[in-house]
Amino acid sequence: CWGNLSKILGEDLKPYFARILPRLLEAAVRQPNLRMLAEDDPEDETGWQFLELDNQTKMGIESASVEAREAAFNMLYWVASFNAKTIQPHISQILPICMDSFNFVYNSGVRTASAAASCSILKIISETEELAAAARQIFQRLVMALLNETDNEVYVTQLEYLLECINMAVPNFFTTEEIGALKTLITTIFDSYTMEREQAEENMENEEDLEFIASSLKGVNEILEKMTEIIGKTLKFAGPLFVPTLWSLCPFYSSMRTSNLESENTIAACFFSDLVEYGGELTKPMFTPWLPFIVEMIDHPADVRQAAVYGLGVTAELHPDVFLVFKNEVLQGLHRVITMEDSREEENIFATENAICALGKIIQHHGESLDIGYEIPKWISYLPTDSKDEETDIIYKQFCHFAKLHPAHVFGENFELLGHMLTLIAEAFQSPQVKDETKQILTQTLQDIRTNSPPAAIQSAVQFTEHHNGNETIKQMIISTISA
C-alpha cells in the first residue's frame, strides 16, 4: 500500500510525510506492553503473543504494540524505495532509530523490517564518504545484533542486509574495525556450526546416517552459506586487509572439503572459487593445494559439481599457470558430465550449464594447447542453453568470441553450418538471461556474418532459419541484419 502510494504521489507526498513522520517515529520507538506469566497461566488471550523464558516463566507481549513498530519500519522502507527525495532530509533522524531495533528481542519482524529500512535508506545517500560512514554504522550494529540472534531465518535475512551494506558502500567501506567485527562474527558462526554438527553426530542412530546430520544442520547450513558469500565479497573489496583472516579460516573450510556431507563440500567449493576469483596472487598459496580435490568434485552430485566446475573455469581464466597441470583431466571430466544421460534434467541443468561455461573458458584461455578444431565444434554442440542460470549470458559471449576468432570452426569451412548458428543466435536473443550488452555483441556477430560470408551461404542460411521454429520477430530481425 505505502509502496504504491509513494510511487503515485511522487514529490507530492513530501508535505504529507513531514506531518506523518513524528507519529511514525513515535511508533518505531514504542516500547511493547509486557507482562510476566506463570507456567500454568493460559495463553489464549486475544491480542497477545507469548515467549517462554524458562521452564517456569513466560512473557506476554501485546501484539498491537509490536505490530505498529514493524509497520512503521515497513512504511519507511517503501518511502525510501520509491520516494527518495521525500525521505532524504530526514535520514539523520531516521537511521539511528532503525538501527536501535536491530536487536529488538520481542519480535523478529521488527528486527528484519528495521534492517530492510536501513538498507533502503542507504541506497539514497549519494555522497561517497557519507554513504561509507552510514554503512559502517549499520554494519557494526548488525554484527552486534547477530551475535545475539537465535532465530536462524532472521539470521540469514540479516546477513543478506549485511551483504547489501558491503555492496553499496565499496570501495571505501572496509577498515580494520570492520574486519575485526566480521572476524568475531565468523568465529561465532563457525563455533555454532561445529557444536551443532557434533550434537547431530551424537544423536544419530547409525554412524553412516548422513541424511540425519544434513537435516539437523539445515538451518545453520544456510547461515554458513550466506557467511561464505560475505567472506568472498570481503576478499573482493578488502583485499590484502582481509588475507590474514582468510588464513585462519582455511582449516575450517578444508575440513568441509573432505567431509562426507554434500552441503559441506558445496560450501568448501564456493570458498575455493572466491579465493581464485577475488584473491589474485595473494591467495594462490591457499587455493593451489585444493585443486586436486576440486577436480574430483566434477563427478560429485549436482550442487557440489556446480560450485566445483565454476571454480575450475575461473582458475583456467585467471590462473592458467596452476590450472595447466589439471587441464586434460578437467576437460575429460567436463565433457563427461555435460553428456551424461540426465545432464539436462532439472536437478542437473545448472551444474551442466556451469560446466559448459567452464569448458568455454578453457578453450578461450588455453586454445593454443588444445585441438580447437575438435573442442570448439564439440562445445557448440552443447548449445543452446535454456536455464535461468546467469552463466547463459557468459556462454553466448563465448560463442561470439569463437565466431570472431575461429569462424571456420564455428560456421564450417564452407559456411555449411551457418544456418544452424543463426538458430543458436535466435535462441540467445530469446533468453531472458542474456543481457542487452551481450545482445549488442550478438548483433555485431550478425553484421560480421553479413560482411564475411558468401551470398550463396547467406541465402541458404536464411532459408534454413525461415523454416526453423522460433520467435518470428527475432528470426526476421536476424534475417534482415545479415541480408542488408
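The values are calculated or read from the model by the stated rules, or taken from the named source; none is laboratory data. Being a predicted model, the structure only gives us computed values, none of them experimental. All Cβ positions, even for glycine, are placed from backbone atoms using ideal geometry, and neighbour counts span all protein chains on display. Protein only, heavy atoms only, side chains kept; ligands, DNA and RNA dropped before computing areas. Shrake-Rupley method; radii C 1.70, N 1.55, O 1.52, S 1.80 Å.
By the rule of a C-alpha distance below 20 Å, with chain neighbours fewer than 8 residues away ignored, the lysines paired with LYS378 are LYS327, LYS361, LYS397, LYS404. A 1.4 Å probe run over the protein chains yields, for the range 186-226, 64 Å² of accessible area per residue, whole-number rounding.
Work out the P(r) tail for the range 110-233: percent of alpha carbon pairs separated by more than 17 Å, whole number. More than 17 Å apart: 58 percent of the Cα pairs in the range 110-233. Within the straight-line cut-off of under 14 Å between alpha carbons, the aspartates and glutamates reachable from LYS58 are GLU39, ASP40, ASP41, GLU43, ASP44, GLU45, sequence neighbours fewer than 8 places apart in one chain being disregarded. Would you please classify the overall shape of the range 313-364 from the alpha carbon gyration tensor, given that a ≥ b ≥ c denote the square roots of the eigenvalues, rounded means a/c under 1.5, and beyond that prolate means a/b larger than b/c while oblate covers the rest? Prolate, because a/c is 1.5 or more and a/b exceeds b/c. Inter-label distance, MET144 to GLU281: 4.1 nm, where each label sits 7 Å from its Cα along the C-beta direction. Is the range 241-280 best put as rounded, prolate or oblate by its Cα gyration tensor, with a ≥ b ≥ c the root eigenvalues, rounded for a/c under 1.5, and otherwise prolate when a/b is larger than b/c, oblate when not? Since a/c reaches 1.5 but b/c is at least a/b, the shape of the range 241-280 is classed as oblate. Look at the dipole of the range 125-261 built from charges on Cβ: of ALA169, ASN221, ALA200, the Cα furthest out on the positive end belongs to ALA169. In the range 95-137, Cα pairs under 8 Å separated by at least six residues give a relative contact order of 30 percent.
Here the range 299-342 is scanned for amide nitrogen atoms under 13 Å from the site 7 Å beyond the Cα of MET204 along Cα-to-Cβ, giving none.
Note on the chain: helix-only mean residue ellipticity at 222 nm, from DSSP H runs of 4+ residues weighted -39500 (n - 2.57) and normalised by residue number, equals -22500 deg cm²/dmol.
Here r is the Cβ-Cβ distance between GLU341 and SER369 and R0 is 30 Å; the resulting FRET efficiency, rounded to 0.05, is 0.50. Here the dipole of the range 339-484 is about 640 debye; that uses its Cα centre as origin and unit charges on the Cβ of Lys and Arg (positive) and Asp and Glu (negative). Applying 1/(1 + (r/R0)^6) with r as the Cβ-Cβ distance of TRP247 and LEU34 and R0 = 45 angstrom yields a FRET efficiency of 0.45. Can you tell me how the range 311-433 classifies by the Cα gyration tensor, rounded, prolate or oblate, using a/c under 1.5 as the rounded cut? Because a/c hits 1.5 or more and a/b fails to exceed b/c, the range 311-433 counts as oblate.
Full extension of the segment from LYS388 to SER63, taken as 0.36 nm per residue of separation minus the current Cα-Cα distance, would add 112.9 nm.
Taking Cα atoms only, the orientation of helix 327-338 departs from the longest principal axis of the chain by about 80 degrees.
Sparse packing (at most 14 other Cβ atoms within 10 Å of the Cβ) combined with a DSSP loop state is found for the following GluC sites (Glu not before Pro) in the range 117-212: GLU127, GLU205, GLU207, GLU208.
Projected over all directions and averaged, the alpha-carbon convex hull of the chain occupies 29.2 nm². PRE reach from SER255 (point 7 Å along Cα→Cβ): which of the range 275-290 fall under 19 Å by backbone N? The answer is 290, whose backbone nitrogens lie closer than 19 Å to the label point.
Bridgeable lysines around LYS236 (alpha carbons under 20 Å apart, same-chain partners fewer than 8 residues away excluded): LYS183, LYS226, LYS284. The dipole here belongs to the range 199-245: it is taken about the Cα centre, uses +1 on the Cβ of Lys and Arg and -1 on the Cβ of Asp and Glu, and is about 720 debye. When trypsin sites (Lys or Arg not before Pro) are flagged only if DSSP places them in a loop and at most 13 other Cβ atoms lie within 10 Å, the longest unflagged stretch of the chain comes out as 124-387. Relative contact order, whole percent, for the chain stands at 7, derived from Cα pairs under 8 Å and 6 or more residues apart.
With a Förster radius of 22 Å applied to the beta-carbon distance between ILE8 and ILE124, the computed FRET efficiency rounds to 0.70.
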